[in-house]
Structure formats: structure tokens, C-alpha cells
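Right, one structure below, let's go through it.
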Amino acid sequence: MKWMWMVALVALVGCKSENKAPASAEAGAPGAPAAQKKLSVGFSQVGAESAWRTAETQSIRGEAEKRGVDLKFADAQGKQAQQIQALTSFIAQKVDAIVLAPVVETGWDVVLSQAKQANIPVILVDRGIKVTDDSLYTTLIASDFVEEGRMAAEWLAKQTNGKANVYELQGTTGAAPAIDRKKGFEEVLAKYPELKIVKSQSADFTRAKGKEVMEAFIKSDGKQIQAVYAHNDDMALGAIQALEEAGMKPGEGVTVISVDGVKGAFEAMVAGKLNATVECNPLMGPLVFDTITKVRSGEKVEKFIKNTDRLFEKTNAAQVIGSREY
Ligand code: AHR
């Protein structure tokens, strides 16, 4: 009966177990010697809303395959409820560790308490959370989103001599990168009274919504738009398309800056349509599994393992594009 329930739960959340070991060596297989057991890891991913996220998924899946890890992958399609179901399923399957890229910051206390009770370490990747008790997760491997927002604003202030009407495309409402990239950006803007955010709206980190929101900005404000700050490259690329379709000149008449540093952004910079992007490294597969290994062997890890990011401009994009990995 208990097994039937578990099977149904796994099917419900659509978890796909990858890199299956031969039955005799599978984790939890009756009589399997401990030395033969594969490490089993549940990975709950936000979705596939951006090129950045696809790169992150590939990095974690690829590294799992290289190391022979039994990775149970669940795509939440942008829904926190699906992530909670996936985590519940991972706990029921008694995985060795959980990797969570949380769609939003809040609402994790209950399911993470269950993981803690089951003694399953939870590694947060790319986005942080707000919980009442920090011991509910082991570590966060991510970029400093507030710093990314600051870098974007400092660059824009320099580029515009501290004076421009800025239109902001925010990421998913309630997500750490949307909250923090806005916070860091506004913190710097406070020093430049003539560099102002005129309108700011969520475009959910997607290219389609970036275009849609930008079209609405153009319709209402037209030529007043002097700069666009997008919380990710996909939204900036959508906005660039909207600006071009309206006969405006992104990269020249309108300064466009975003975050991520994906290949598409470099192509847009080489074409002169995107002015700059702040890198946010998604290639965390190796670090994620190194960290899991350390945690399982009892080694202490930092609570925040920070990626270092750089800013790229259209002036140096052509030299760098060939070496970009995502
Ligand atoms: O959490 C990282 C952000 O999420 C990336 O900037 C964005 O592209 C993604 O969807």
C-alpha cells in the first residue's frame, strides 16, 4: 500500500530519474552493498523560462551524469506548489540530498522542516529563500543579486552622466533575483536624482513578456524612454524587439542593460542593440556535487557560496563571444 502511494506521488510530480544504475546497485535496492549504491539526488528546478535556466539545468544534469549520480529531476513550470510536491516526493524516496532552485523566496518552512526531520541536506541553487530557521537548508550556491543590481546601475549612471528616464522590466514577482536586482539598482540610483525609474513592471523573466511589457511602455511613453533595465537577458531581448518594431534604436537612442550574460545577449551586443549585461554564472553543476560530497562526509561548508560575476559591454563583446560557454 505504502509503495503504491509512493509510485503515484512520483508520477504526479513528473520526477524523472536519470542515469539509472543496474537494479542490483540502485540506492535502496534490497541487499545492495553500501559501496555499490549510487548517490541519489532530487533536483527541483523552477522551469525553463530563460536561456540562463536551461544552461543551469544542463550543467547540473551533465555533471550528475559524469559522476554517475542518480538524479531525479522535476521541472516545476514556474509553480511553487509543484516544487513542494517534488520535494515531498524526494523525501518519500529517501534521496541522499535535495537540490532546490526556489521559484520564490517565501513559503518553504513546512516542506524543508520535513526534509530536515528526514536528515536530508538541502542545497539551494541560484536563488535564496526567507525561512524562520536557517538550519532548514545547508547552503546557498548563487550570485549576489543585490550586487548585480548595483553593478548595472553604476554602469548606467556612468553611461548617461547620471541622467535618464529608466524603464525597468522586473523578474518573477516574489523571486529573489527580482527583489534583489531591484534593490541594488535603486540603492545606487538614490545617488543620482536625475536617473529615475519612470515605470517598472514584472515580465516574469521571459522574452515574450519582456516584449509585451515594453510594447505597453512604448505605447504610453514613447520617446520619453531613454534607458531600459531588464532583470534578465531574455526580457531585454524581447524589449529590444519591441523597440525596433516601434522604429526606435535600442543600443543607441535607448540604452539597454540586463543581467545574465547568455549567448543571445552577446549576439545582441555584437549587433549593437544591447549595451551591457552583468554576468550571472549558471554553470554550477561541478560546485553543487562537490558541495554535496563535502556535506555527506561531514565537512563544514559556507552558508553562502558566492559566484563572482563580471560586466560585459558591447564594446568588448566581439572579443569575448567565442569563449562564452552558455
Ligand atoms: O535566478 C536566476 C534568474 O532566473 C536568471 O537571471 C534568470 O534568467 C532566471 O530565469
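The values are calculated or read from the model by the stated rules, or taken from the named source; none is laboratory data. Since we're looking at a predicted model, the values are computed, not measured. Glycine also receives a Cβ, built like all others from the backbone with ideal geometry; neighbour counts cover every protein chain displayed. Side chains included, ligands, DNA and RNA excluded: accessible areas come from the protein's heavy atoms. Shrake-Rupley method; radii C 1.70, N 1.55, O 1.52, S 1.80 Å.
Assorted remarks:
- If you go through the range 301-311 and pick out every residue that is open to solvent by less than 50 Å² (accessible area, probe 1.4 Å) and among the acidic types (Asp, Glu), you end up with 1.
- Test: residue in the range 185-192 that is surrounded by 22 or more Cβ atoms within 10 Å (Cβ to Cβ), outside any loop (DSSP other than H, G, I, E, B) and within 16 Å of the ligand (Cβ to nearest atom): yes
- Residues that are surrounded by 22 or more Cβ atoms within 10 Å (Cβ to Cβ) and among the small types (Gly, Ala, Ser) were ranked within the range 143-163; the one that is nearest to the chain's Cα centre (by Cα) is Ser143.
- Residue in the range 205-212 that is under 16 Å from Phe312 (Cβ atoms) and within 15 Å of the ligand (Cβ to nearest atom) present: no
- Residue within the range 165-184 that is surrounded by fewer than 22 Cβ atoms within 10 Å (Cβ to Cβ) and in contact with a His (Cβ under 9 Å, 6 or more places away or on another chain) present: yes
- In the set (1) among the hydroxyl-bearing types (Ser, Thr, Tyr); (2) closer than 15 Å to Asn275 by Cα; (3) open to solvent by 20 Å² or more (accessible area, probe 1.4 Å), the condition left unmet by Thr206 is number (2).
- When Thr315 is tested against (1) part of a strand (DSSP E or B); (2) of a type in the set (Val, Ile, Thr); (3) open to solvent by 10 Å² or more (accessible area, probe 1.4 Å), exactly one condition is not met: (1).
- Within the range 49-63, residues that are within 11 Å of the ligand (Cβ to nearest atom) sit with their Cβ atoms under 6 Å from residues that are assigned to a helix (DSSP H, G or I) and of a type in the set (D, E, K, R), at 6+ positions apart or across chains, in these pairs: Ser50/Asp234.
- When the residues of the range 38-61 are filtered to those that are touching a strand residue (DSSP E or B) at 6+ places or on another chain (Cβ under 9 Å) and charged (D, E, K, R), the one that is modelled with the lowest pLDDT is Lys38.
Table: residues versus (1) more than 22 Å from the chain's Cα centre (by Cα); (2) of a type outside the set (A, V, I, L, M, F, W, C).
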{"residue": "Ala208", "(1), (2)": "no, no"}
{"residue": "Glu215", "(1), (2)": "yes, yes"}
{"residue": "Ile225", "(1), (2)": "yes, no"}
{"residue": "Ala230", "(1), (2)": "no, no"}
{"residue": "Asp233", "(1), (2)": "no, yes"}
{"residue": "Glu244", "(1), (2)": "yes, yes"}
{"residue": "Ala271", "(1), (2)": "yes, no"}
{"residue": "Glu279", "(1), (2)": "no, yes"}
{"residue": "Leu287", "(1), (2)": "no, no"}
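- Total residues in the range 230-270, condition hydrophobic (A, V, I, L, M, F, W, C) and over 19 Å from Ile321 (Cβ atoms): 8
- Restricted to the range 219-300, the set of strands (runs of 3 or more DSSP E) holding at least 2 residues that are open to solvent by 60 Å² or more (accessible area, probe 1.4 Å) and not β-branched (Val, Ile, Thr) is empty.
- Scanning the range 109-128 for residues that are more than 15 Å from Val41 (Cβ to Cβ), open to solvent by less than 10 Å² (accessible area, probe 1.4 Å) and in contact with a strand residue (DSSP E or B) (Cβ under 8 Å, 6 or more places away or on another chain) gives Leu112, Asp126, Arg127.
- For the range 254-286, a residue qualifies if it is in contact (Cβ under 8 Å) with a residue 24 or more places away in the chain and either small (Gly, Ala, Ser) or farther than 27 Å from Gln319 by Cβ (or both), and the qualifying residues are Ser258, Gly261, Gly264, Ala265, Ala268, Gly272, Ala276, Gly285.
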